[in-house]
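Engineer: The following block contains the structure, expressed as structure tokens.
The values are calculated or read from the model by the stated rules, or taken from the named source; none is laboratory data. Quick caveat: nothing in here was measured; it's all calculated off a predicted structure. All Cβ positions, glycine included, derive from the backbone under ideal geometry; neighbour counts span all protein chains shown. SASA here: full protein model, heavy atoms, side chains in, ligands and nucleic acids out. Shrake-Rupley method; radii C 1.70, N 1.55, O 1.52, S 1.80 Å.
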Amino acid sequence: MDFDAWVANLAAGTATHESGFVLQVEGNPRDPSAINPANFPANLSFVDQARLMRCGLEFLAKAAANSPTSYSSTSGGVTDIESLKSEATKEREALAKQFAERSDKPERSVLSLKKNK
């Protein structure tokens with residue numbers, strides 16, 4: 001198996017191996033906050049699965065380092081975070097915003113540790 005046969009899609013945060021294995025990361029590909037592997041090839045040992053995942057992460061990090069359009073090389077952060085969010089994440093954020101901005105939300109007193117003078 002060729003562990004270096006990858007195709008990167010930085011907008012989606014994915015790296016796809018020629019075997020069909022897909023590695024999706026959340027956040028900055030050079031320092032991801034979550035990794036979602038899918039479609040490991042059949043009959044692949046755990047050691048080779050770990051190697052395949054490590055090689056995919058390295059490939060995605062190198063691709064992100066060579067693409068200054070999406071990532072800032074000085075801060076290491078994503079400049080256009082909305083383009084990297086999955087549809088499920090966008091739906092959850094919209095639902096949370098809907099509940100946070102309700103017009104019939106009860107007025108609650110604010111708890112503060114500041115002393116009144």
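Engineer: Among the aromatic types (Phe, Trp, Tyr), out of contact with any Phe, Trp or Tyr (no Cβ under 9 Å at 6 or more places or on another chain) and not in a loop (DSSP other than H, G, I, E, B) - does that describe any residue in segment 3-13?
Structural biologist: Taking every residue of segment 3-13 in turn, none turns out to be among the aromatic types (Phe, Trp, Tyr), out of contact with any Phe, Trp or Tyr (no Cβ under 9 Å at 6 or more places or on another chain) and not in a loop (DSSP other than H, G, I, E, B).
Engineer: Name every residue in segment 27-36 that is open to solvent by 60 Å² or more (accessible area, probe 1.4 Å) and free of Cβ contacts under 8 Å to residues at least 24 places away in the same chain, in order of residue number.
Structural biologist: Ser33, Ile35, Asn36
Engineer: While we're looking at this one, here's another question. Could you list, in sequence order, the residues of segment 3-31 that are at pLDDT 85 or above and out of contact with any helix residue (DSSP H, G or I) (no Cβ under 7 Å at 6 or more places or on another chain)?
Structural biologist: Ala5, Val7, Asn9, Thr14, Thr16, Glu18, Ser19, Gly20, Val22, Gln24, Glu26
Engineer: Is segment 75-89 home to any residue that is loosely packed, with under 13 Cβ neighbours inside 10 Å, modelled with pLDDT of 75 or more and of a type in the set (A, V, I, L, M, F, W, C)?
Structural biologist: yes
Engineer: If we scan segment 61-70, do we find a residue that is of a type outside the set (A, V, I, L, M) and modelled with pLDDT of 85 or more?
Structural biologist: The answer is yes, given that some residue of segment 61-70 is of a type outside the set (A, V, I, L, M) and modelled with pLDDT of 85 or more.
Engineer: Can I ask one more? Would you please list the contacts, defined by Cβ atoms under 9 Å and residues six or more apart or on different chains, that run from a residue in segment 88-109 that is under 25 Å from Glu26 (Cβ atoms) to a residue that is of a type outside the set (Lys, Arg)?
Structural biologist: Pairs found: Thr89/Glu26; Lys90/Glu82.
Engineer: If I ask for residues that are among the hydrophobic types (A, V, I, L, M, F, W, C), open to solvent by 70 Å² or more (accessible area, probe 1.4 Å) and in contact (Cβ under 8 Å) with a residue 24 or more places away in the chain, which ones from segment 1-26 would you list?
Structural biologist: Passing the criteria: only Met1.
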